[in-house]
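Asks: Please read through the structure below; I'll follow up with questions.
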């Protein structure tokens with residue numbers, strides 16, 4: 001019989017060292033409104049290593065819109081940008097009202113601005129209504 005000493009055996013070698021993963025700390029979930037959009041989520045490492053560019057991927061990347069500010073995909077930031085746009089349009093419409101009395105061209109611009117303000121207010125109202133209904137569904 002050969003003498004097998006257990007002193008040199010370590011269980012973090014071989015297949016164990018490949019499958020063993022140390023925890024680097026607990027990862028907390030992002031805040032409710034700060035979660036990234038679903039298409040920007042993390043992909044499993046195996047899928048990243050094995051994925052190859054297909055024709056479908058090439059077509060999808062070709063037709064995907066190019067966004068200058070991807071932060072607008074987060075609902076809270078989009079809502080803030082919508083409110084900022086409404087405030088700016090309202091200010092511009094108020095400034096265009098006195099100029100509208102001066103000429104026909106200025107009156108047309110004021111009318112367009114007022115319509116844009118009205119439509120944006122309607123959009124914000126519909127979004128508020130949607131949020132209210134969504135909250136009611138969550139509460140049961």
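Asks: Give the calculated FRET efficiency between residue 84 and residue 63 to the nearest 0.05, with a Förster radius of 30 Å applied to their Cβ-Cβ distance.
Replies: In this case the efficiency is close to 0.55.
Asks: Test of understanding: express the Cα radius of gyration of segment 72-140 as a ratio to 2.2 N^0.38 Å, with N the residue count. Walk me through the intermediate numbers first.
Replies: Numbers: Rg = 16.1 Å, N = 69, 2.2 N^0.38 = 11.0 Å.
This ratio for segment 72-140 stands at 1.47.
Asks: Based only on other Cβ atoms within 10 Å, what is the fewest-to-most ordering of 49, 86? Could you put the intermediate results ahead of the total?
Replies: Details: 49 8, 86 16.
Least to most surrounded, the residues fall as 49, 86.
Asks: Okay, next question. Please report 73, 132 as a ranked list, fewest other C-beta atoms within 10 angstrom at the top and most at the bottom.
Replies: Listing 73, 132 from fewest to most nearby Cβ atoms yields 132, 73.
All of the numbers you see were taken from the coordinates with simple rules; none came from a lab. All values reported here derive from a predicted model rather than from experimental measurement. Cβ sites come from the backbone with ideal geometry, for glycine too, and all protein chains shown count toward neighbours.
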